[in-house]
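Visitor: Once you've had a glance at the structure underneath, I'll fire off some questions.
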Amino acid sequence: MKFSFFMMPLHDPRENPTLAFERDIALIHLADKLGFDEFYIGEHHSGGWETMPAPEMALAMAAATSHRIRLGTSVFSAPFHHPFHLAERMCFLDHLTRGRAILGVGPCSLVTDKMLFNMDDKVLYPMLHEAIDVIVRLLESDDPISHKGRYWQFENMRLQLRSYQQPRLPLAMPSAATPENLELIGRHGMIWLSPANRVARSKMTHQERWSLVEKGAQAAGRTADRDNWRIVTNMYLAETADQAWDDVRAGIMRETRYFSSIGFEPLYRQHPEQTFDEFTPESVVEARDWVIGTPDDAIRWIESKIEETGGFGGGFLTANERTSFDKISRSLEMFARYVMPRFTARSG
């Protein structure tokens, strides 16, 4: 099993952004040292908290002094870019990292970004799907390609630099329960970033979602690989559960207030009528299916997800700044020392 990190990032706007970015890079280096397999960074342009507009630039900086960790985008908002640019820039990063790059794409979920670029929700998924199909063709073709789509049209475009990884660098995409997305993930053999909790708008089980990934793969003449399935959650560990809660209780509510203010309040509700004023740290963690506790709690959570899903390829942890960098580092070290060996070949 692989273990990965996703960083939005998420920084209090009152803080020095330069120092925040330095902590972000330091976290990637720490994850590399501790043996985590992948680290992803998102693309955002507004809101004031999620402040990396060009994730590949931060990944390139981190790559210069990291050694083995794979580096991905989670995600580029594909509708904001020409598909050629995304393919070309990530092929370049793949060479700079000697084959450690992963191209993660999505439609854009940040409301303020969609407002900034005047993007209509109705076009985001069609644009994403068209972009992915074009990117795959560009990455796989030795010859120039032409495209006459709904959103992009071009003649005889060809990447002058193919990816370091062959036959192409891997692609990744988050999807909770949208059938078209899940089938697309299977069709192109993408890494699937799947939220741990059951989303409110869908009653599908994890197994039912996986069957749609398999359906897409079968339609393309391939077999879906559970090793490409990442379950997304958040974990914070300490020596005792009480200590873990004391460390992050205030930070959880600070972060939840921000996300609730930009339209994500439904993700934190335990029932449809619940409002932010009724949220508690405990209710938020339960609704999102996170782990705040000890390494044993993390192990039990992963084992329960293996049983629930029938098996998946990795845990995908979200990075945040709910407490000090030193305490976050200690949590990561505990995860690497006591949790990861239970699910990898690194135990004695």
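The values are calculated or read from the model by the stated rules, or taken from the named source; none is laboratory data. No experiment lies behind these values; they were computed from the predicted model shown. In this analysis, Cβ positions are derived from the backbone assuming ideal geometry, glycine residues included, and neighbour counts consider all displayed protein chains. Just so you know, the surface numbers come from the protein's heavy atoms only, side chains and all, with ligands and any DNA or RNA stripped out. Shrake-Rupley method; radii C 1.70, N 1.55, O 1.52, S 1.80 Å.
Visitor: Identify all residues within the range 70-96 that are of a type in the set (S, T, Y) and either open to solvent by 30 Å² or more (accessible area, probe 1.4 Å) or in contact with a strand residue (DSSP E or B) (Cβ under 6 Å, 6 or more places away or on another chain) (or both); write none if there are none.
Guide: T73, S74
Visitor: With respect to F117, is the statement that it is aromatic (F, W, Y) and farther than 27 Å from S163 by Cβ true?
Guide: So F117 fits the description; yes.
Visitor: Looking at (1) over 19 Å from F264 (Cβ atoms); (2) without any contact (Cβ under 8 Å) to a residue 60 or more places away in the chain; (3) not aliphatic (A, V, I, L, M), find the lone condition where E88 falls short.
Guide: Single failed check for E88: (2).
Visitor: Still on this structure, please answer the following. Select from the range 24-67 the residues that are open to solvent by 40 Å² or more (accessible area, probe 1.4 Å) and without any contact (Cβ under 8 Å) to a residue 24 or more places away in the chain and list them in ascending order.
Guide: K33, P53, M57, A64 - these are the residues of the range 24-67 that are open to solvent by 40 Å² or more (accessible area, probe 1.4 Å) and without any contact (Cβ under 8 Å) to a residue 24 or more places away in the chain.
Visitor: Being surrounded by fewer than 21 Cβ atoms within 10 Å (Cβ to Cβ) and not in a loop (DSSP other than H, G, I, E, B) is the filter here, so list the residues in the range 5-23 that pass it.
Guide: Residues satisfying the conditions are P17, T18, L19, A20, F21, E22, R23.
Visitor: Of the residues that make up the range 323-345, is at least one assigned to a loop (DSSP other than H, G, I, E, B), farther than 30 Å from T205 by Cβ and either open to solvent by 20 Å² or more (accessible area, probe 1.4 Å) or touching a residue at least 40 places away in the same chain (Cβ under 8 Å) (or both)?
Guide: yes
Visitor: Let me ask something else. Among the residues of the range 97-122, write down those that are open to solvent by less than 10 Å² (accessible area, probe 1.4 Å) and under 20 Å from D32 (Cβ atoms).
Guide: Scanning the range 97-122 gives T97, A101, I102, L103, G104.
Visitor: Oh, and also: Scanning for something buried (at least 21 other Cβ atoms within 10 Å of the Cβ) and in contact with a strand residue (DSSP E or B) (Cβ under 6 Å, 6 or more places away or on another chain), does the range 176-187 turn up at least one residue?
Guide: yes
Visitor: Go through the range 1-56 and report how many residues are under 19 Å from P174 (Cβ atoms), touching a Pro at 6+ places or on another chain (Cβ under 6 Å) and of a type in the set (D, E, K, R).
Guide: Count: 1.
Visitor: If you don't mind, there's one more thing I want to ask. Could you tell me which residue of the range 206-228 is nearest to G189 (Cα to Cα), considering only residues that are acidic (D, E) and within 20 Å of the chain's Cα centre (by Cα)?
Guide: Filtering first and then ranking leaves D225.
Every residue, every condition in (1) in contact with a Gly (Cβ under 7 Å, 6 or more places away or on another chain); (2) at pLDDT 95 or above; (3) over 20 Å from G263 (Cα atoms); (4) hydrophobic (A, V, I, L, M, F, W, C), yes or no:
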{"site": "L71", "(1), (2), (3), (4)": "no, yes, yes, yes"}
{"site": "P83", "(1), (2), (3), (4)": "no, yes, yes, no"}
{"site": "E88", "(1), (2), (3), (4)": "no, yes, yes, no"}
{"site": "C91", "(1), (2), (3), (4)": "no, yes, yes, yes"}
{"site": "G99", "(1), (2), (3), (4)": "no, yes, yes, no"}
{"site": "I102", "(1), (2), (3), (4)": "yes, yes, yes, yes"}
{"site": "V105", "(1), (2), (3), (4)": "no, yes, yes, yes"}
{"site": "D113", "(1), (2), (3), (4)": "no, yes, no, no"}
{"site": "V123", "(1), (2), (3), (4)": "no, yes, no, yes"}
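Visitor: Identify all residues within the range 193-228 that are among the β-branched types (V, I, T) and assigned to a helix (DSSP H, G or I); write none if there are none.
Guide: Within the range 193-228, just V213 meets the criteria.
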